[in-house]
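The values are calculated or read from the model by the stated rules, or taken from the named source; none is laboratory data. No experiment lies behind these values; they were computed from the predicted model shown. In this analysis, Cβ positions are derived from the backbone assuming ideal geometry, glycine residues included, and neighbour counts consider all displayed protein chains. For accessibility, only protein heavy atoms count, side chains too; no ligands or nucleic acids. Shrake-Rupley method; radii C 1.70, N 1.55, O 1.52, S 1.80 Å.
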Amino acid sequence: MENAKQQTGVPENAFRELKKGEQYEPLMSPDRTYKEVTVWSVLWGVLMAVVFSAASAYLGLKVGQVFEAAIPITIIAIGVTGATHRKGALGENVIIQSIGACSGMIVAGAIFTLPALYILQDKYPEMTVNFMEVFVASVLGGVLGILFLIPFRKYFVKDMHGKYPFPEATASTQVLVSGEKGGNQALPLLVAGVVGGIYDFIIATVGWWNESVTSRCLEWGQVLADKTKLVFKINTGAAVLGMGYIVGLKYALIICCGSVAVWWVIVPAISWLFPDLVVSAGSSSVTASQASAEQIFQYAKSIGIGGIAMAGIIGIFKSRKIIMGAVGLAAQEMKGKGKSDTAVPRTQKDLPMKIIAIGSLLTLIAILLFFYFGVMEGNLLFTLTGVILVAVIAFLFTTVAANAIAIVGSNPVSGMTLMTLILASVIMVGVGLKGPAGMVAALIMGGVVCTALSMAGGFITDLKIGYWLGTTPKKQETWKFLGTLVSAATVGGVMILLNQTYGFASGQLAAPQANAMAAVIDPLMNGVGAPWALYAIGAVIAVVLTYFNIPAIAFALGMFIPLELNTPLLVGGIVNWYVTSRSKNAEVNRERGEKGTLLASGFIAGGALMGVLSALLRFCDVHIASDAFKEAWFANPLSEVASLAAYCCLIGYFVVATKGKK
């Protein structure tokens, strides 16, 4: 008992691959029972879900700035626990984080698609939208995401131990563990959080230096960009640097190779080989020869979407034994022949497969009824087609979402949703549903799938945190449904309120993702084709990469995510390599690597908190520096020189800080 209390840090093998025969023992012993689901943890979790769902939806739609809620919720959980002197609350804090984190997952799913209904309603008044449609789509999508992910929990969090970096889960785990340690043991993370937070706050709000450095800040770089469409970019934020460190050099390099393939090969090639190709449509059309590199990328990143989709198909094929095993286990449990729950360690207990199977079936039946009575106007063919599409795409992309979060900490949900909308539009038009009614159907289907994938990607983070710390997966899975229900109701209410107050089509609400989805689906439902050739190219690239044992999902993510967000991952990966290899003493390298993980987690946590603060200040129209000043200063190349200098200082601090004692 006393020894268990003294263990306040995760074991040294938490973040590395296990040796043959080695077992991982979490912070909370599987042989003991801890406080997890209590009135305290559930009430605080629900409160966090309500508050952060409202804040995320409000800010995401009003000012177009979405922040990650999981880490701020983790920090608040630790804060209230410490303020009330609550002892042995690590398990409770994980439950608070898990329930509360539903906010970010539901918001990311809902605001990408569902506000597009209101935007299109302004153009097509015959379209109708109500709270129940938004709420039910969010709830059903969230529940489907949870149920589809659970069978893959063991594979991602246990079987692949140390093979995936899980950057966000690592940061949250370090924050939780540091809160449990207290005192000087938590000091490195707190200091790094303050440094990273202040640094990112200066970028976002004060404006002392630019957020990114580009080759355009030099005269020859501008000429190169104009004539050849070649451009280099790097985001100099502390949070992204921290993520790069945790991702590591291997995956960061593969991701950057994907970016280089698009930005430095495909984009210039499109401009050179197809100068008259229209690559940007909207209020104005532009040809490849006239377009900027960024405009061509918006066209070319469809290759990345095709690669992500094919990586999902390949992932399903590779996971077929896991899937068949889960189905077989469910069948055994249905017959009463399943393995006794008492024979499974507490830290590996999931919801019974019988419940997963029945729950998935009931959820799909609920989606069928929702579509038949509320969306498809009583047409059985349209309803069955929609349900099959939602079920297949959500299940197919569940592993893609989990994979992406596990590798880079970023869920390409917008790309997968775009693919869903395109497939849904093309197929629904094929079966006879088109025009405004088809747009409503496709967007509701997209909303369900988008929320399911957002939930699946985010939930794997929660489960990985629980695995590292030793909580009970079954309890996390059970109470995740409550967080989903509360978050969906809150997001739906905020969305309706904002539409009635401002109107999504008025221009007073940013809603950038929903506007993009509306712009895509409108022409599709009126007979305009999709870029199938680009999707096919991406799919072929994914197949070739898989043949050579290169992670296709990482490369495809690099092709889809903007260059400036991928290059700092490589910088962080290089820093990781340098920190962990510069000593001849392997033990020293290991300790420095662990210290670096702690510092990187601090950068991510500080950046997340300052992201919330910056968004709130922006919404409240509080300006530390005027927009006119920042606009003029950021247009000056010296702002990028200052950014590069600050970035070098930040990297220098990080490297030097790893030398200190943990």
* Output the residues belonging to segment 638-662 that are open to solvent by less than 60 Å² (accessible area, probe 1.4 Å), over 20 Å from G197 (Cβ atoms) and either not in a helix (DSSP H, G or I) or not charged (D, E, K, R) (or both). => S639
* Among the listed residues L149, L144, L114, L140, which satisfies the condition of being more than 21 Å from S172 (Cβ to Cβ), open to solvent by less than 10 Å² (accessible area, probe 1.4 Å) and either basic (K, R) or modelled with pLDDT of 90 or more (or both)? -> L144
* To do: Just one of (1) hydroxyl-bearing (S, T, Y); (2) at pLDDT below 90; (3) within 24 Å of the chain's Cα centre (by Cα) trips up S583, so point out which.
  => (3)
* Structure fact -> Note: among G466, G457, G435, just one is among the small types (G, A, S), out of contact with any Cys (no Cβ under 7 Å at 6 or more places or on another chain) and surrounded by fewer than 24 Cβ atoms within 10 Å (Cβ to Cβ), namely G435
* To do: Give Y199, Y155, Y124 a once-over and let me know the one that is among the hydroxyl-bearing types (S, T, Y), closer than 30 Å to D627 by Cα and open to solvent by 10 Å² or more (accessible area, probe 1.4 Å).
  => Y199
* **Qualifying residues in segment 334-362 (those that are assigned to a helix (DSSP H, G or I) and over 30 Å from the mean Cα position of the chain (by Cα)) - the one modelled with the highest pLDDT** => A343
* To do: Determine whether L497 is of a type outside the set (V, I, T), without any contact (Cβ under 8 Å) to a residue 60 or more places away in the chain and open to solvent by 10 Å² or more (accessible area, probe 1.4 Å).
  => yes
* **Matching residues in segment 364-423 - criterion: being more than 26 Å from G435 (Cα to Cα), open to solvent by less than 10 Å² (accessible area, probe 1.4 Å) and aliphatic (A, V, I, L, M)** => V400, A401, A402, A404, A406, I407, V408
* Structure fact -> Filtering helices (runs of 4 or more DSSP H) wholly in segment 216-276 for at least 1 residues that are open to solvent by 50 Å² or more (accessible area, probe 1.4 Å), out of contact with any strand residue (DSSP E or B) (no Cβ under 6 Å at 6 or more places or on another chain) and within 29 Å of V195 (Cβ to Cβ) gives 249-260
* To do: List the number of the failed condition for E631; all other conditions in (1) among the charged types (D, E, K, R); (2) under 15 Å from A204 (Cβ atoms); (3) assigned to a loop (DSSP other than H, G, I, E, B) hold.
  => (3)
* Looking at (1) on the phi < 0 side of the Ramachandran plot; (2) hydrophobic (A, V, I, L, M, F, W, C); (3) at pLDDT 85 or above, can you tell me which one A171 breaks? -> (3)
* **Residues that are within 19 Å of the chain's Cα centre (by Cα) and of a type outside the set (V, I, T), drawn from segment 126-139** => S138
* Only one of A331, A281 that is open to solvent by 40 Å² or more (accessible area, probe 1.4 Å), more than 30 Å from F152 (Cα to Cα) and modelled with pLDDT under 85 -> A281
* Asked: So which residues in segment 617-628 are of a type outside the set (G, A, S) and either under 12 Å from A204 (Cα atoms) or free of Cβ contacts under 8 Å to residues at least 60 places away in the same chain (or both)?
  -> L617, R618, C620, D621, V622, H623, I624, D627
* Please work out if Q290 is at pLDDT 85 or above, of a type in the set (S, T, N, Q) and open to solvent by 70 Å² or more (accessible area, probe 1.4 Å). => yes
* Out of curiosity, is P562 in contact with a strand residue (DSSP E or B) (Cβ under 6 Å, 6 or more places away or on another chain) and either without any contact (Cβ under 8 Å) to a residue 12 or more places away in the chain or under 17 Å from G244 (Cα atoms) (or both)? -> no
* Hey, can you tell me all the residues within segment 113-133 that are in contact with a Gly (Cβ under 8 Å, 6 or more places away or on another chain), part of a helix (DSSP H, G or I) and under 23 Å from L453 (Cα atoms)? => T113, Y118, F131, M132, E133
* To do: Could you tell me whether G82 is more than 13 Å from I465 (Cβ to Cβ) and open to solvent by 10 Å² or more (accessible area, probe 1.4 Å)?
  => yes
* **Unmet criterion (only one of (1) more than 27 Å from the chain's Cα centre (by Cα); (2) surrounded by 13 or more Cβ atoms within 10 Å (Cβ to Cβ)) for F629** => (2)
